[in-house]
1. Give the relative contact order (percent, whole number) for the range 107-248; include only Cα pairs under 8 Å separated by 6+ residues.
2. Counting only complete DSSP H runs, which helices of the chain cover 24 Å or more along their long axis at the Cα atoms and score a mean Kyte-Doolittle of 0.0 or above?
3. If you take the charge dipole of the chain about its Cα centre, with +1 on Lys and Arg Cβ and -1 on Asp and Glu Cβ, which of Ala29, Ala68, Tyr156 is farthest toward its positive end?
4. May I ask you to order 184-190, 119-125 by the average number of other C-beta atoms within 10 Å around their residues, highest value first?
5. Determine which residues of the range 99-142 fall in the zone a paramagnetic label at Tyr84 would reach in this model, i.e. backbone nitrogen under 17 Å from the point 7 Å along Cα→Cβ.
6. First compute the accessible area of the chain with a 1.4 Å probe, then give the percent of it belonging to carbon and sulfur atoms.
7. So with the 1.4 Å probe, I'd like the accessible area per residue for the range 24-64, rounded to whole Å².
8. Mind checking which of Leu174, Leu17, Leu219 has the largest fluctuation in a GNM of the chain, springs on alpha carbons under 10 Å?
Amino acid sequence: MAWRDILGRYRGSAGGLAWSLLTPILMLAVYTIVFSGIFKARWSADSTSPLDYALQLFVGLIIHGLAAECFNRAPVLVVSNVSYVKRVLFPLDTLPIVNLISALFHAAISVVVLLVFFATLEHHLYLTILWLPVVLLPYLVMLAGISWLLAALGVYLRDIAQLMGLVSMVLMFLSPVFYPISNLPARFHIFFQLNPLTVIIEQARAVILHGQAPDFTALGLYMLVAMAVACAGLAAFHKLKKGFADVL
């Protein structure tokens, strides 16, 4: 179902599935030209490469884009598959997982583009990149739980689908996507650490760009919270599922 969803997005287009590769390449090119070339942006005072900002930014955007795709599509998953609701034996709770796998596919393509670009610039890749699945695992569990909740609420509250676009945009600017958290005043650090994207963005940058091992303590705590969110989201989905057929 996930593969069908991926192919369905490009059905009818001349480029087909090639757009999934071309899009992140064009995005990275634009970020590099605008931020590193035109604005001369630097990620930190000790940055030696003018392209460092584009790399740091692209990692943050990949992590945020994964969440944004899940949040924006989750509220309409059940509504857009009314025929599945009437089939008693169909497990509706798989729909958010299908959406998550589809989003993960596009994120993986972007990561490949990032690694090729990084290897071209630095002439090497860090072996710590192998830790990336460990970094993303608790994040995916968290996204699954939130997606289950949004998918269920979207049946009853159709405005959630419109609201998620705004929430995703606000979440991007309240996450260390365009700036390092170290540039913020110390009193704001605690609030940004509560953002579910902050830890994952910083850990992803550490293993991909800096050759550092992930912070297993932080990821362990994140996983505990993510599992609680996933259990709560799934429980809410099953509880609200009883009224789907009547509402739709």
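The values are calculated or read from the model by the stated rules, or taken from the named source; none is laboratory data. Bear in mind the structure is a predicted one, so any value in this text is a computation, not a measurement. Cβ coordinates were reconstructed from backbone atoms using ideal geometry, including for glycine residues, and neighbour counts include every protein chain displayed. Protein only, heavy atoms only, side chains kept; ligands, DNA and RNA dropped before computing areas. Shrake-Rupley method; radii C 1.70, N 1.55, O 1.52, S 1.80 Å.
1. In percent, rounded to a whole number, it is 45.
2. Numbers: long enough: 52-73 (32 Å, 0.82); 94-122 (41 Å, 2.00); 132-156 (36 Å, 2.03); 216-241 (36 Å, 1.47).
Going by DSSP H runs, the hits are 52-73, 94-122, 132-156, 216-241.
3. Tyr156
4. Numbers: 184-190: 9.1, 119-125: 10.9.
The peptides rank, most packed first, as 119-125, 184-190.
5. 99-105
6. Details: 9100 of 12710 Å².
Ligands and nucleic acids excluded, carbon and sulfur reach 72 percent.
7. Values: 1950 Å² over 41 residues.
Each residue of the range 24-64 exposes 47 Å² on average to a 1.4 Å probe.
8. Comparing Leu174, Leu17, Leu219 in a Gaussian network model of the chain, the most mobile one is Leu17.
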